[in-house]
Amino acid sequence: MRIKVINPNTTAGMTAKIGEAARAIAAPGTEILAVNPASGPVSIEGHYDEAISVLGVLDEIRKGEAEGCDGYVIACFGDPGLLAAREVATGPVVGIAEAAMHAASFISTGFSVVTTLTRTCVIAEHLVERYGMVHACRKVRGTDIPVLELEETGDVTFQTVVAECRRAVAEDRCGAIVLGCAGMADLVARVQDEIGVPVIDGVAAAVVQVEGLVRLGLGTSKHGDLAWPLPKTYTGDLARFTPTRR
């Protein structure tokens, strides 16, 4: 089985960290291809960054189809371009926010999300609504840690994350914590040891969910809105994204 894990930002160090987390959880025989687009934002910290990153995600999905990938993970907590990616993919495409929230709902009646910048909390809150998790998500909390500070997590950054997780457990009465950034993937075990409740990393959760879907023989439905994009001409710089007839 070959799973392509796409970091939508262009920071190679973060892609390497994400790849390590994915390989650590993947089953024997699963090949993980961890990639990032050639161009785009170095970090995703708002609506604009997210919108710009989507074309890079779609380009990597298109390449993955030619490379024989069985499934895909979008490794950014905003799940940028998720539905568009499913339109152009044969296999399952799972976003890390969607995967983590579902995993948390399986093991607790309520979870809180601890993420990076407070300005991005609204993006996660919108996903909570979209994924039907309003009943389960107690709160989305920002730490105001810039995404790129997670490349090399020092003690101050780690303790900031732990402190916010402790506040979530105490104040939100949640039974689990979802870490709201792919750059936090290497913190999950340490944070869980510190706070004593289950902590979910979306990268690991998404990889396992894609593996399960592939083993079940399930790909992305091509009936209805996730059918292949309608053939039409794309012009100018976006001509290479022109849909072809399937």
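Bear in mind that the values in this text are calculations on the coordinates, not laboratory data. Everything numeric here is computed off the predicted structure, so don't read it as measured data. Cβ placement follows ideal geometry from the backbone for every residue including glycine, while neighbour counts extend to all protein chains displayed.
Here is how the numbers come out for the structure above:
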item	result
Whole-Hz ³J(HN,Hα) from phi, Karplus 6.51 cos²θ - 1.76 cosθ + 1.60, for the stretch 159-165, glycine and proline x	5, 5, 5, 4, 4, 5, 5
Residues with amide H under 5 Å from that of Leu33, placed H, sequence gap 5 or more	Ile3, Lys4, Val5
Theoretical gain in end-to-end length, Glu171 to Glu67 [0.36 nm per residue, Cα-Cα removed]	32.7 nm
Cβ-based exposure ranking for Asp70, Asp201, in which fewest neighbours within 10 Å come first	Asp70, Asp201
Per-residue HN-Hα couplings for the stretch 114-124 [Karplus 6.51, -1.76, 1.60; θ = phi - 60°; Hz; x = Gly/Pro]	10, 10, 8, 6, 4, 5, 8, 4, 5, 5, 5
Inter-centroid distance (Cα atoms) of the stretch 97-157 relative to the stretch 226-246, Å	34 Å
Fluctuation leader among Met101, Met184, Met133 - the chain, Gaussian network, Cα springs under 10 angstrom	Met133
Interchain or long-range residues, amide H under 5 Å from Gly180's placed H	Val114, Thr115
Residues whose placed amide H lies under 5 Å from that of Thr10, excluding near-sequence neighbours	Val42, Ser43
Tail weight of P(r) past 22 Å, computed on alpha-carbon pairs of the stretch 97-202, percent	19 percent
